[in-house]
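Input: a single structure, listed below in structure tokens.
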Amino acid sequence: MRNMVIIGSGPAGLTAAIYAARANLNPILVEGKEPGGQLTLTTLVENFPGFPEGIMGPQLMDDMKKQAQRFGTEFVTGFVDKVQLSERPFRVHYGGNEVQAKTVVISTGSSAKLIGIESEWKLMGHGVSTCATCDGFFYRGRKIAVVGGGDSAMEEATFLTKFAIEVNLIHRRDKLRASKIMQDRAFGNPRIKFHWNREVTEVVGSKETGVTGLKLRDVKTGNISPMEVEGLFIAIGHHPNTEIFRGQIELDEMGYIKTKPGSSRTSIDGVFACGDVQDPVFRQAITAAGSGCTAAMEAEKWLSH
């Protein structure tokens, strides 16, 4: 029987672990399929407070992990494939093991939807990004591309025009899904060029050079054409990693865990959620870390009653 099981090891889960361990709760943290979360896919993180020169994403996550371990968090390699939250004690299953818990902190994050080509994975963090707020600054004065047709794509493209001299918006249809106001904003921006009925079949470049271009396929004719860009932002949405909680905990229509306003409390007493799994809006390392602190403190308070 454990006081707390934390599911997920991004900034939210690791911050929850640091706070819970310092409160002598002896938490156990199950790292998940992607130890360190989405930050391990990025290279330089420049907007996390306290690092004037920036810090590499994997390094930041490794430092957070060491900090949590120093205070006594137990780390388990593996991912949770089943939970039972309908009765206490809660039960969490991973890799054939079961652990019983008085409280559960869910910090399983969300995953960016990707195009699904090998070269985008190979160059992720080397010119391919899923976060304009994180990486836009590196493309000052350059030509870049954004893939997508929804609100998030318009928002990212518009934001990126603050830095890039040209933003090529690639969409596989001939009209956008985005709301009227977001479309108008993008159409009215002289730095955004629209490429309709196109899909990216290859990202050209290497880890040494970064992205040097794209190969685009015309979905109507099948013709392949090159495009010279130095960065690619994929903005086709995110999906929260909540499959194993479906039917047990209250989710919103997009699948994110619902938490009480200004809190990390979920629809189940004793279960807390923090980070991107309950935040479809900001999705930043610093907001995730803040909500991890909230979850640990609320869980500690809940346990002491």
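Only the coordinates and a few stated rules stand behind these numbers; no lab work does. As the structure is a prediction and not an experimental result, all values here were calculated from the model. Neighbour counts are summed over all protein chains in view; Cβ atoms, including those assigned to glycine, are modelled from backbone coordinates with ideal geometry.
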**Fill in**
Env charge @ A20, Cβ radius under 15 Å, K,R +1 / D,E -1, value +3
**Complete:** Going through K162/K215; K113/K162; K33/K82 one by one, the pairs whose alpha carbons sit over 21 Å apart turn out to be K162/K215; K113/K162
**Request:** Convert each backbone phi in region 111-124 into a coupling constant with the Karplus relation 6.51 cos²θ - 1.76 cosθ + 1.60 (shift: θ = phi - 60°), then list the ³J(HN,Hα) values in order as whole Hz, x for Gly and Pro.
**Result:** 10, 5, 6, 10, 5, x, 10, 4, 5, 5, 5, 4, 9, 4
**Item:** Fraction of antiparallel bridges per DSSP, the chain only, in percent to nearest 5
**Value:** 50 percent
**Asked** List the aspartates and glutamates whose alpha-carbon lies under 15 Å from that of K175, not counting same-chain residues fewer than 8 positions away?
**Response** D151, D184, E199, D218
**Prompt:** Of all DSSP beta bridges in region 114-234, what percent run antiparallel (nearest 5)?
**Reply:** 45 percent
**Message:** Could you tell me how far the Cα centroid of region 211-250 sits from the Cα centroid of region 12-38, in Å?
**Reply:** 30 Å
**Fill in**
As straight-line cross-link partners of K260, the qualifying lysines (C-alpha separation under 19 Å, not fewer than 8 residues apart within one chain) are K301
**Complete:** Interchain or sequence-distant (5+) residues whose placed amide H lies within less than 5 Å of the amide H of M56 are V45
**Request:** For K207, list the aspartates and glutamates whose Cα falls under 17 Å from its own Cα; do not include residues on the same chain fewer than 8 positions away.
**Result:** E118, E120, D135, E228, E230
**Request:** Within the set of other residues whose C-beta is less than 11 Å from the C-beta of T266, count the net charge using Lys and Arg as +1 and Asp and Glu as -1.
**Result:** 0
**Prompt:** Kirkwood-based Rg over Rh for region 51-107 (C-alpha set), two decimals?
**Reply:** 1.11
**Request:** Could you pull out every residue, at least 5 positions away or on a different chain, whose amide H is within less than 5 Å of the one on F194? Hs are placed 1.01 Å off N in the peptide plane, and Pro or chain starts have none.
**Result:** L169
**Prompt:** How far, in degrees from 0 to 90, does helix 57-70 lean away from the longest principal axis of the Cα atoms of the chain, to the nearest 10?
**Reply:** 0 degrees
**Message:** For the chain, which cysteines have no second Cys with its Cβ under 4.7 Å from theirs?
**Reply:** C274, C293
**Asked** Given Cα pairs under 8 Å that are at least 6 residues apart, what percent is the relative contact order of region 114-234?
**Response** 32 percent
**Message:** For a protection proxy built on the mean count of beta-carbon atoms within 10 angstrom, sort 206-212, 21-27 highest first, please.
**Reply:** 21-27, 206-212
**Request:** Determine ³J(HN,Hα), in whole Hz, for all residues of region 275-280 in sequence, where each value follows from phi through the Karplus function 6.51 cos²θ - 1.76 cosθ + 1.60 and θ = phi - 60°; x replaces Gly and Pro.
**Result:** x, 5, 5, 10, 10, x
